[in-house]
Amino acid sequence: MWSAVKITRKDVFVAHGLKSLIAAEIGQRLEDFGIKGKVGVVTTDNAKAMTNAATTAGIRLSLNCFAHILNLSTQKVMSVSTVISMLAIIRPVVTYFRNSYLGKVVLKEKQKVWTNLITS
């Protein structure tokens with residue numbers, strides 16, 4: 001008995017050697033767009049397989065995506081119990097000042113006083 005199975009490129013990448021398969025895919029896309037040999041830098045998602053594949057595909061430099069690094073760093077910090085506790089304390093204060101007109105006015109006045117004390 002036969003059954004149809006959909007295999008995506010992601011499945012193939014996971015099942016086999018990533019570097020060579022991804023490099024072949026990158027090379028094919030560069031050829032498709034007519035830019036093979038013209039690309040000198042690529043931005044990756046920080047995965048070692050991607051940086052190795054880019055090098056194998058003939059791209060000289062692979063830069064890590066800053067937004068991806070920032071996202072990973074933020075996720076790691078947000079899992080620290082001390083940060084979670086601090087956010088639980090700070091969140092209601094921010095919500096109050098965001099929703100209260102009078103609170104915003106008083107806060108701005110207090111900030112002006114503190115700024116004058118610090119700068120003088």
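Any idea how far apart ARG60 and LEU102 come out in nm if each label point goes 7 Å out from Cα toward Cβ?
6.6
Between 0 and 90 degrees, rounded to the nearest ten: what's the tilt of helix 81-99 against the longest Cα principal axis of the chain?
Tilt of helix 81-99: around 60 degrees.
Given the options ASN52, ASN64, ASN99, which has the most mean-square fluctuation in a GNM of the chain, springs set between C-alpha atoms less than 10 angstrom apart?
Of ASN52, ASN64, ASN99, the Gaussian network model singles out ASN99 as fluctuating most.
Can you list the HN-Hα couplings for the range 26-42, worked out from phi with the Karplus curve (6.51, -1.76, 1.60; θ = phi - 60°), rounded to whole Hz and with x for Gly and Pro?
Result, rounded to whole Hz: 4, x, 5, 5, 5, 5, 4, 8, x, 10, 4, x, 9, 8, x, 9, 9.
Restricting the calculation to Cα positions, tell me the Rg (one decimal) and the Dmax (whole number) of the range 26-71 in Å.
Looking at the range 26-71, its Cα Rg and Dmax stand at 11.0, 33 Å.
Can you pull the Rg over Rh of the chain, Cα-only, Kirkwood? Don't skip to the end; give the middle numbers.
On the way: Rg = 25.5 Å, Rh = 19.7 Å.
Here the Rg-to-Rh quotient is 1.30.
In a GNM of the chain with a 10 Å cut-off on Cα contacts, which of LYS19, LYS104, LYS48 has the highest mean-square fluctuation?
Of LYS19, LYS104, LYS48, the Gaussian network model singles out LYS104 as fluctuating most.
So if I take the centroid of the Cα atoms in the range 31-52 and the same for the range 62-120, what is the distance between those two points in Å?
One Cα centre to the other: 37 Å.
Given R₀ = 30 Å, what would the calculated FRET efficiency be for ALA67 paired with ARG29, taking r from the Cβ atoms and rounding to 0.05? Write down the numbers at each step before the final one.
Details: r = 22 Å, r/R0 = 0.72.
Efficiency for this residue pair is about 0.85.
Taking only Cα atoms, what is the 0 to 90° angle, nearest 10, from helix 101-119's long axis to the longest principal axis of the chain?
The angle comes out at about 90 degrees.
GNM on the chain, C-alpha springs below 10 Å: top fluctuator among VAL93, VAL83, VAL41?
VAL93
Nearest 20 debye, what's the magnitude of the dipole of the chain about its Cα centre given +1 on Lys and Arg Cβ and -1 on Asp and Glu Cβ? Write down the numbers at each step before the final one.
On the way: 16 positive and 6 negative charges, 77 e Å.
It comes to approximately 360 debye.
Any read-out appearing in this document is the output of simple, stated calculations on the displayed coordinates, not a laboratory observation. Bear in mind that the values here come from a model prediction, so they are computed numbers and not experimental data. Neighbour counts are summed over all protein chains in view; Cβ atoms, including those assigned to glycine, are modelled from backbone coordinates with ideal geometry.
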